[in-house]
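The values are calculated or read from the model by the stated rules, or taken from the named source; none is laboratory data. Keep in mind that what you see is a predicted model, and the values were worked out from it rather than measured. Cβ: placed from backbone, ideal geometry, glycine included. Neighbour counts: every protein chain shown.
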Amino acid sequence: MAWQQKNGFHQPKENSAPIPGRCDVVVIGGGPGGSSAATRLARQGFHVVLFEKEKFPRPQVGESIIPHMWRYADLLGATEKIQQERFLAKAGGIIAWDGRIHQLRFSSFGYTDPERVGLHVERDIFDDILLRHAAGCGAQVFEEVAVRQVDFSDAQWPVVDYMDRRGGGLGQRSIACRYVVDASGHAALLAHQFNARRLVSQEVNYLGLWGYYKNSLYLGADRQSHPPEQAPFVKSVTFITSFEDGWIWHIILRESTSVGLVMNRGKVRGMGKEVQEAYFRETCASVPIIRELLAPATFIEGSLFFRPDYSYYSEKVTGENFYCIGDAGAFVDPIFSQGVVAAMYNAAVSAWAIQSSFAKESRRAFYSKVAENSMLQYYGFSRLLALGDFGSEGVDPALVKAMMRAFRRNELELALAAAMTTSRSGNLHRMAREAGIYEEFGEDFGANKLDVITELNLQPPVPW
Ligand SMILES: Cc1cc2nc3c(=O)[nH]c(=O)nc-3n(C[C@H](O)[C@H](O)[C@H](O)COP(=O)(O)OP(=O)(O)OC[C@H]3O[C@@H](n4cnc5c(N)ncnc54)[C@H](O)[C@@H]3O)c2cc1C
């Protein structure tokens with residue numbers, strides 16, 4: 001790939017290398033969660049084998065990255081490689097919800113370094129950078145190798161069964177390891193194996209339907225629409241709007257624009273692919289602001305994707321010898337772009353627990369419990385933020401309140417401000433109140449840094 005050459009970190013892909021029969025840690029999946037865990041453990045000197053079923057770069061949705069990501073990139077040693085790619089900067093969000101429009105600027109919450117703002121990334125490239133980085137840090141990365149199941153009958157040496165599809169062949173084999181990190185994304189391999197995967201709500205179950213457009217206008221942080229050529233110069237925002245069936249995102253990328261609908265699944269149940277696409281395109285052409293931004297754009301044929309079974313969690317995210325991280329542990333409606341950062345956070349927590357367990361094996365149940373609590377705190381907080389009242393099933397309020405109190409002040413403030421832009425976060429505010437946050441920081445904590453917009457300038461500005 002040209003971008004790999006540009007970044008100067010050609011890592012040999014383990015195309016035909018033999019897969020060892022034993023290692024310290026097997027990581028399942030090479031998304032941001034898996035790559036981060038593999039990097040952190042390999043940098044500690046552990047023998048890590050990562051299996052990824054696809055050949056990278058592979059398509060992935062989730063292009064809006066919040067600036068918290070840089071903290072995790074620093075810990076991985078990957079910051080420079082991400083910066084070299086020159087992804088488009090995102091300065092925050094503009095959210096039109098039930099007739100009100102708010103603007104949230106990251107700079108108001110302390111994210112002022114122009115090199116460390118939010119990003120709009122092509123996920124195939126972003127994820128590939130992290131995966132190559134993991135390999136560069138010593139993890140053995142095997143693409144086109146799909147894990148089938150894990151046998152935990154020997155608690156000291158779980159056995160991972162995999163299907164090796166490299167070179168077009170099919171070889172079913174296994175590898176023994178001390179710890180398994182399941183970062184298999186929405187496939188949620190272990191949650192399925194344990195029969196522990198639960199939907200967040202039976203009544204409100206969302207799905208995602210998204211596609212890509214060429215030549216869309218985009219909304220800048222200056223509240224004006226701009227042609228795509230200006231994106232490297234006028235910082236963009238992620239634009240979000242509610243509509244009668246749910247909400248829509250609009251994210252400008254370097255070569256295209258990602259637009260997606262998140263809505264109750266009842267709406268498209270039973271629709272064939274063509275009807276689904278017609279519904280998607282008609283909705284995009286009729287919802288205000290999205291309609292104006294897409295006016296000069298053309299839909300990229302064949303680019304429509306669909307993800308049912310939204311917003312789930314696993315009842316079993318850790319054990320003494322396994323950790324389910326990122327989407328393999330839970331998936332949260334992506335309205336506030338938390339998925340990638342959540343996966344990196346979980347990777348950090350599980351790598352810490354595994355490393356500690358190697359150092360003191362007699363305490364590994366304890367480390368696993370600490371990691372589990374940290375992950376459930378994060379998931380719980382994210383769920384309440386994104387889903388509001390119907391997101392509370394399976395959430396432990398005590399953990400969420402403890403997390404709020406432990407948060408960095410600017411991150412908490414940003415989250416609470418974001419929560420005020422939609423109608424979904426009543427639960428979160430109630431918990432913040434119960435946790436004493438408003439008592440400590442004042443009743444307008446977060447809200448005072450949110451701009452209410454009365455007008456957006458959607459006329460294309462005079463060309464530069
Ligand atoms: C519609 C939608 C919009 C989103 N928008 C955003 C956003 O704007 N911002 C954001 O931060 N997040 C967003 N997300 C969430 C984000 O995409 C995920 O949270 C993030 O990708 C999770 O990373 P991960 O490493 O856990 O999983 P993934 O990125 O899904 O990676 C999992 C990897 O595991 C591999 N795998 C699966 N099964 C196996 C197996 N058996 N063996 C080997 N490998 C396997 C897969 O091929 C994949 O590469 C969105 C999600 C959706 C569905």
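The number of residues in the range 155-188 being assigned to a loop (DSSP other than H, G, I, E, B), more than 9 Å from the ligand (Cβ to nearest atom) and more than 24 Å from GLY45 (Cβ to Cβ) comes to 3.
Selection of the range 417-464 for residues being within 22 Å of the chain's Cα centre (by Cα) and modelled with pLDDT of 90 or more yields ALA417, ALA418, THR421. Within the option set TYR213, TYR206, being buried (at least 17 other Cβ atoms within 10 Å of the Cβ), touching a helix residue (DSSP H, G or I) at 6+ places or on another chain (Cβ under 8 Å) and modelled with pLDDT under 95 holds for one residue only, TYR206. Residues in the range 194-206: is at least one under 30 Å from LEU456 (Cβ atoms) and in a strand (DSSP E or B)? Yes.
For the range 403-433, a residue qualifies if it is loosely packed, with under 15 Cβ neighbours inside 10 Å and either charged (D, E, K, R) or farther than 24 Å from ILE94 by Cβ (or both), and the qualifying residues are ARG405, ALA406, ARG408, ARG409, ARG430, ARG433. Modelled with pLDDT of 95 or more, touching a Ser or Thr at 6+ places or on another chain (Cβ under 8 Å) and not in a loop (DSSP other than H, G, I, E, B): is that true of ALA37 in this structure? The answer is yes for ALA37.
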